[in-house]
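Notes to accompany the following structure.
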Amino acid sequence: MSIVVVLSCQVAGSSIRRLSGSPVRPFLIGLLLALVLAGPARAQQDGLLQINDPVHRFLLRQQAAGRLPEAFLSHAPLSAYEARRYLDSLVVLADDLPPLERILLARFRGEQPGPGAAWMQKRLPFLYANGTDFLSVAG
């Protein structure tokens, strides 16, 4: 499917022109791809997790299971520092966790790469270099 950009011109009696070889077309295609592929922006502001974040939901499940009895998780958004502290406290109980919960704990602590990260890294080595983030910078 090709995208045809139509521009209406009223200069010197010309009516409608197709811009097939114009630099406008690649720009518009790039802009369209950027908008489609960008997805929702998930900015981490001031060290806070997003509301209803998977990490927060995981911690709420652990609290309901009695593994985080003194955690204060009812406020939102949860700070990244508190979330990291609660995840670190669950490491002691890792043997008591079900297998899926252990995998999620390791993924949230950054010890295990996300799903598909290894596949993508084989094709484009600069993506998911740290195993969790699309682009990362070390140094």
Residue list for region 74-89, filter: closer than 12 Å to G47 by Cβ, among the small types (G, A, S) and surrounded by fewer than 18 Cβ atoms within 10 Å (Cβ to Cβ)
S79, A80
Show the residue pairs meeting these rules: Cβ distance below 7 Å; 6+ apart or different chains; first residue within region 113-126 and free of Cβ contacts under 8 Å to residues at least 24 places away in the same chain; second residue assigned to a helix (DSSP H, G or I) and of a type outside the set (A, V, I, L, M, F, W, C).
G114/R107
For region 91-110, check the following and say yes or no: at least one residue is closer than 20 Å to L135 by Cβ and either in contact (Cβ under 8 Å) with a residue 24 or more places away in the chain or of a type in the set (F, W, Y) (or both).
yes
Answer yes if at least one residue in region 93-112 is under 16 Å from L48 (Cβ atoms) and among the aliphatic types (A, V, I, L, M), and no otherwise.
no
Is it the case, given these coordinates, that F72 is at pLDDT 90 or above and among the aromatic types (F, W, Y)?
no
Give the residue that is farthest from the chain's Cα centre (by Cα), with candidates limited to residues of region 48-59 that are under 19 Å from I103 (Cβ atoms) and buried (at least 16 other Cβ atoms within 10 Å of the Cβ).
L59
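The values are calculated or read from the model by the stated rules, or taken from the named source; none is laboratory data. Predicted, not measured: the structure shown is a model, and the values here were computed from it. Neighbour counts run over all protein chains shown; Cβ positions are idealised from the backbone, glycine included.
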